[in-house]
Amino acid sequence: MINSKPLERKLIAKKIDNFFIDLYSALQFIIRFFKELFTPPYEFKEIIKQCYEVGYKSLFLITLTGFITGLVFTKQSRPSLAEFGATSWLPSLVAIAIIRALAPLVTALICAGKVGSNIAAELGSMKVTEQIDAMEVSATNPFKFLVVSRVLATTLMIPMLMCYTGFVGMMGAFVNVHQNEATSFVTFFQQAFEKISFLDIFASLIKSIVYGFTIGIVGCYKGFHAKNGTEGVGKAANSSVVLSMFLIFIEEILIVQITNSVR
């Protein structure tokens, strides 16, 4: 009988080697991004175009998801608070949940699925059809034009989308509270923001900036290193979404721990 243990060890060792090679390649990719970011010329037109693609074209999905999130969270929280006769705490509870956690996280996960996959698929198709190589031959810097512009767009627009998601989510919560308690608009938002501090808003902005950078850099990296034709493009888009979401949850844990230690 053939001993399979040496073969299994080789496979494990190969996977470990590939992991560290990919990690080194990703680190080099990030370092190159920061070098190109501060080196002229600057592709302002492409950055504005990508901001439009990331921000405006995500508004409908963000609006729908944010409103439903606020409405459903309020509806689900009401019975638990009603048992203790504390439904008056509902606006504060919803505001804390949405502003501290739900708005940045929901926005990032939606954009990871929509924007991140689009970036990876677009750059991946350009890579496998050798359009990126053609740009290099024509004296255009494809990294600055394709990568820097997209990463900047996600880093800038996702914080704005997060603020919008928070507002729409609070409006969804207000609809439910007003329907059940006839609470006025002014009273609802006064009660909602009683427990919200500057640290909460600042931490959510930092989260969304980090999430935006992560989505952009992962999507660009996966697309820029796509292989094996159209199959590789699909794999790049899929792995971009999975890896972005995984990193977002890791970053969420780390930022929450830092925020709580400061608080």
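Solvent exposure of segment 117-263, expressed per residue, is 48 Å² of accessible area, with all protein chains present and a 1.4 angstrom probe. Considering only C-alpha atoms, what is the centroid distance from segment 158-184 to segment 19-33, in Å? So the two Cα centres are separated by 40 Å.
Partners of LYS57 within straight-line reach, counting lysines whose Cα lies under 19 Å from its Cα and excluding those fewer than 8 residues away in the same chain: LYS45, LYS49, LYS114. Cross-link check: pairs LYS14/LYS235; LYS10/LYS207; LYS15/LYS35; LYS10/LYS127; LYS35/LYS127 evaluated at a Cα-Cα cut-off of 28 Å; pairs beyond the cut-off: LYS10/LYS207; LYS15/LYS35; LYS10/LYS127.
When Kirkwood radius over Cα pairs in Å is computed from the coordinates, the matching label among [x] 18.8; [y] 19.4; [z] 20.5 is [z]. Extents of segment 1-148, largest first, come to 67, 63, 26 Å (Cα atoms, principal axes, whole angstrom). May I ask you to give the percent of accessible area on segment 16-79 that is carbon plus sulfur, with a probe radius of 1.4 Å? For segment 16-79, the apolar C and S fraction of the accessible surface comes to 73 percent.
Multiplying each eigenvalue of the alpha-carbon gyration tensor of segment 170-263 by 5 and taking the square root yields semi-axes of 39, 19, 9 Å, largest first, rounded to whole angstroms.
Given 0.36 nm per residue, what is the gain on full extension from SER239 to LEU27 after removing their alpha carbon distance, in nm?
74.6 nm
The alpha-carbon of LYS75 sits under 15 angstrom from the alpha-carbons of these aspartates and glutamates, leaving out residues fewer than 8 places away in its chain: GLU83, GLU181.
When a 1.4 Å probe is rolled over the protein heavy atoms, the share of accessible surface on segment 143-263 that falls to carbon and sulfur comes to 71 percent. Projecting label points 7 angstrom from Cα along Cα→Cβ for ASN228 and GLU36 puts them 2.5 nm apart.
So how much slack lies between PHE167 and ASP17, counting 0.36 nm per residue of separation and subtracting their Cα-Cα distance, in nm?
Working: separation 150, 0.36 × 150 = 54.00 nm, distance 4.60 nm.
Computed gain between PHE167 and ASP17 is 49.4 nm.
The values are calculated or read from the model by the stated rules, or taken from the named source; none is laboratory data. Quantities reported herein were computed from a predicted structural model and do not represent experimental measurements. Glycine also receives a Cβ, built like all others from the backbone with ideal geometry; neighbour counts cover every protein chain displayed. These area figures cover heavy atoms from the full protein model, side chains too; ligands, DNA and RNA do not enter into them. Shrake-Rupley method; radii C 1.70, N 1.55, O 1.52, S 1.80 Å.
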